[in-house]
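One structure is given here, and the rest of the page talks about it.
The values are calculated or read from the model by the stated rules, or taken from the named source; none is laboratory data. What you see is a predicted model; the values in this text were computed from it and never measured. No Cβ is skipped: glycine too gets one built from the backbone with ideal geometry, and neighbour counts run over all protein chains shown. Just so you know, the surface numbers come from the protein's heavy atoms only, side chains and all, with ligands and any DNA or RNA stripped out. Shrake-Rupley method; radii C 1.70, N 1.55, O 1.52, S 1.80 Å.
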Amino acid sequence: MTDTVLVLGATGKTGRRLVSRLTAQGVAVRAASRKPGEGRTLFDWDRPETHAPALAGVDAVYLVAPDLVEDPTAMTGPFLAAARLAGVKRVVLLSSMGVTFPNEGPGSGRDKLERQVMASRMDWTVLRPGGFSQNFSEGFLLPGILQAGAFATATGDGAVAFVDADDIAAVAAVALTQDGHAGATYEVTGPQALTFSQAAEIIGQAAGRTIAHRPISSEALTDLLVGFGLPRDYAALVVGNQDAIRDGLGARVSDVVARVTGRPATPFADYAARAAPAWARG
Ligand SMILES: NC(=O)c1ccc[n+]([C@@H]2O[C@H](COP(=O)([O-])OP(=O)(O)OC[C@H]3O[C@@H](n4cnc5c(N)ncnc54)[C@H](OP(=O)(O)O)[C@@H]3O)[C@@H](O)[C@H]2O)c1
């Protein structure tokens, strides 16, 4: 029985949806954010003094690593030790399908983080989602869509089985509150692999106007990301993932959502229909 769950990244794409789901199930939730208030719990990876108070009395943790940090293990290591000390029994890590790509490989920050969680001596479950559908409506692809009716990637004609963040949250909610998921690594995907151009077409239909995918080179993407202020090592991680997708490695489709939650994964067109207001101009 899981009484209290600490959700890190509780204002983010998956965390926000996980908080709603757990709350609806009657689970006590601590919604962690650097900006407290509105029922949130103060938590900042860069301020270790916020960790122990957030962990006190917690049974299970949804772990979202610090944003834009290639290797977060110097922060997550002490946090995991503190969690175990505080009596936390379960940890569900939001990782990425990217750790399985040969060009990321063993030794990446995310790979080290997975190993740290697996060695934490708490029951662990690792989620490895592919690209989120919500990147188009809540994430890094949205500004281009709104400003230019287009978004740029280095994925070429590579496909991704875009996964709805709500489906990731649904899998996480089960793993956090039910037995039978300790020691599992779940590749969480949507039901159908689509190229970014196909995704653009579906988004355009939902938005009622033309939305284009502009393929760019890996070098151009690197310049763009570094220009936006991303640290160079994190930009290299993102570009490496897009290279792997262009090479056909991101197109895998799994049955994890259906297997774990008992309902099918959300088709991209259903997501797009729901998200359409995000693409309204102005
Ligand atoms: N987007 C994808 O397609 C994708 C695919 C696979 C895996 N992932 C993984 O999913 C994770 C989340 O990525 P996302 O882009 O979707 O971000 P997100 O969860 O939408 O947003 C980041 C969250 O992290 C919190 N945060 C940022 N810096 C923090 C800090 N220093 N201390 C505490 N909390 C902090 C933010 O909360 P506050 O601002 O409220 O503090 C926010 O809730 C990443 O680890 C990423 O590698 C993403």
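Numerical summary
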{"read-out": "Condition check for Ala172: open to solvent by 30 Å² or more (accessible area, probe 1.4 Å) and aliphatic (A, V, I, L, M)", "value": "no"}
{"read-out": "Options Val260, Val226, Val253; residue that is within 21 Å of Thr195 (Cβ to Cβ) and either at pLDDT 95 or above or open to solvent by 50 Å² or more (accessible area, probe 1.4 Å) (or both)", "value": "Val253"}
{"read-out": "Residue count, the range 30-56 (criterion: open to solvent by 70 Å² or more (accessible area, probe 1.4 Å), modelled with pLDDT of 95 or more and more than 9 Å from the ligand (Cβ to nearest atom))", "value": "3"}
{"read-out": "Helices (runs of 4 or more DSSP H) within the range 124-236 that include 2 or more residues under 24 Å from Thr14 (Cα atoms) and in contact (Cβ under 8 Å) with a residue 40 or more places away in the chain", "value": "142-148, 165-177, 196-207"}
{"read-out": "Odd one out for Gln178 among (1) away from the ligand (no atom under 16 Å from the Cβ); (2) in contact with a helix residue (DSSP H, G or I) (Cβ under 6 Å, 6 or more places away or on another chain); (3) open to solvent by 10 Å² or more (accessible area, probe 1.4 Å)", "value": "(2)"}
{"read-out": "Of residues in the range 10-19 being over 12 Å from Arg30 (Cβ atoms) and touching a helix residue (DSSP H, G or I) at 6+ places or on another chain (Cβ under 7 Å), the one nearest to the ligand (Cβ to nearest atom)", "value": "Lys13"}
{"read-out": "Some residue of the range 114-136 being surrounded by fewer than 17 Cβ atoms within 10 Å (Cβ to Cβ), within 16 Å of the ligand (Cβ to nearest atom) and not small (Gly, Ala, Ser)", "value": "yes"}
{"read-out": "Candidate set from the range 1-25 (those that are assigned to a loop (DSSP other than H, G, I, E, B), more than 16 Å from the chain's Cα centre (by Cα) and among the polar types (S, T, N, Q)); member that is farthest from Val58 (Cα to Cα)", "value": "Gln25"}
{"read-out": "Index of the failed condition, Ala83 passing every other in (1) open to solvent by less than 30 Å² (accessible area, probe 1.4 Å); (2) within 11 Å of the ligand (Cβ to nearest atom); (3) assigned to a helix (DSSP H, G or I); (4) touching a residue at least 12 places away in the same chain (Cβ under 8 Å)", "value": "(2)"}
{"read-out": "Filter result (more than 12 Å from the ligand (Cβ to nearest atom) and either farther than 23 Å from Tyr234 by Cα or out of contact with any helix residue (DSSP H, G or I) (no Cβ under 6 Å at 6 or more places or on another chain) (or both)) within the range 93-110", "value": "Pro102, Gly105, Pro106, Gly107"}
{"read-out": "Number of the exception - Asp59 against (1) of a type in the set (D, E, K, R); (2) surrounded by 19 or more Cβ atoms within 10 Å (Cβ to Cβ); (3) more than 8 Å from the ligand (Cβ to nearest atom); (4) within 28 Å of Ser133 (Cα to Cα)", "value": "(4)"}
{"read-out": "Residue among Val69, Val27 that alone is open to solvent by less than 40 Å² (accessible area, probe 1.4 Å) and either within 8 Å of the ligand (Cβ to nearest atom) or not charged (D, E, K, R) (or both)", "value": "Val27"}
{"read-out": "Glu104 open to solvent by 50 Å² or more (accessible area, probe 1.4 Å) and either touching a strand residue (DSSP E or B) at 6+ places or on another chain (Cβ under 9 Å) or outside any helix (DSSP H, G or I) (or both)", "value": "no"}
